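The values are calculated or read from the model by the stated rules, or taken from the named source; none is laboratory data. Nothing here was measured: the structure is a model prediction, and the numbers come from that model. Every residue, glycine as well, gets a Cβ built from its backbone with ideal geometry; the counts of neighbours run over all protein chains shown.
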Ligand SMILES: Cc1cc2nc3c(=O)[nH]c(=O)nc-3n(C[C@H](O)[C@H](O)[C@H](O)COP(=O)(O)O)c2cc1C
């Protein structure tokens, strides 16, 4: 089950999706037991932005049949708060650390990448490109040109692996190819699909942010298609995610060409899901290799 992501050794191919597992809160709740049996083979942080953000007004979540719409709005401590308070604690986790960053300009991304990459606790960075570039108004990850230009801006700043996390809200293949040509070491996908929900009482949109992103089993078939198309189009590693809730779901993404699989929404239902899915995957491989 041991594998490798951009030269980082992983004990098994199951990591977490950014923003879906709070390792610091989990350690408060479960103590050292969490560290002894950590659910993931690498930990991907919640996305951080240059300045602190309080996130969207509530309500922030809506359950759909087989899915979850979130409109969290990236609450985070900002770069300085993250580096001072969270990073030292995340650095004590027993697995490699990937830090997810998002900015709205090249300058912001440069500040984030330089500030995070120089820290020894960090094994790799994930660029969350589901955000507008304030200068052009375009969502970076919906445009191959914007994505390539972002890579041109940040690639020279670090030798650490850069993973580009794609949005499913635009055709991902041209964007993945642009990221690879700009020097990305891996592609991760899918992020959430734009979605909304209405207040059952007739008061308009339910979510405080107006709309949000759909995740969970409801998006699994879309993720499987997008992962297989991207994996066929690039030669760098692909981290596949979207609705993974079992070892079978993870095996499907691996078969579609992903090198590593991430678990997101399922961890809200079962915080130990990553470990269960890794062991289901291992049992599956054991069974298939013994015929
Ligand atoms: C509550 C919540 C918060 C999320 N926060 C982030 C985030 O901060 N950065 C990011 O790149 N993706 C974020 N995601 C997207 C997940 O990492 C993942 O890409 C997506 O949910 C699809 O996987 P899943 O269906 O297994 O949840 C978030 C998803 C959820 C449900």
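Observations
- Residue tally, condition out of contact with any strand residue (DSSP E or B) (no Cβ under 6 Å at 6 or more places or on another chain) and at positive phi, over the range 206-230: 1
- Residue 146 satisfies every condition listed in (1) closer than 29 Å to residue 233 by Cα; (2) within 12 Å of the ligand (Cβ to nearest atom); (3) free of Cβ contacts under 8 Å to residues at least 24 places away in the same chain except (2).
- Comparison of 250, 223 shows that the only residue that is crowded, with 24+ Cβ neighbours inside 10 Å, without any contact (Cβ under 8 Å) to a residue 60 or more places away in the chain, within 18 Å of the chain's Cα centre (by Cα) and assigned to a helix (DSSP H, G or I) is 223.
- Enumerated helices (runs of 4 or more DSSP H) restricted to the range 5-116, each holding at least 1 residues that are touching a helix residue (DSSP H, G or I) at 6+ places or on another chain (Cβ under 7 Å) and more than 15 Å from the ligand (Cβ to nearest atom): 23-30, 32-36, 87-90
- Complete set of residues in the range 27-55 that are at pLDDT below 95 and crowded, with 18+ Cβ neighbours inside 10 Å: 27, 34
- Residue in the range 156-172 that is under 19 Å from the mean Cα position of the chain (by Cα), more than 14 Å from the ligand (Cβ to nearest atom) and over 19 Å from residue 47 (Cα atoms) present: yes
- Checked against the criterion of being within 15 Å of the ligand (Cβ to nearest atom), in contact with a helix residue (DSSP H, G or I) (Cβ under 9 Å, 6 or more places away or on another chain), at pLDDT 95 or above and farther than 24 Å from residue 97 by Cβ, the range 200-219 has at least one qualifying residue.
- Those residues of the range 145-177 which are outside any loop (DSSP other than H, G, I, E, B) and closer than 16 Å to residue 241 by Cα, in sequence order: 163, 164, 165, 172, 173, 176
- Residues considered: 244, 230. Of these, the only one that is surrounded by 23 or more Cβ atoms within 10 Å (Cβ to Cβ), within 15 Å of the ligand (Cβ to nearest atom), at pLDDT 95 or above and in a loop (DSSP other than H, G, I, E, B) is 244.
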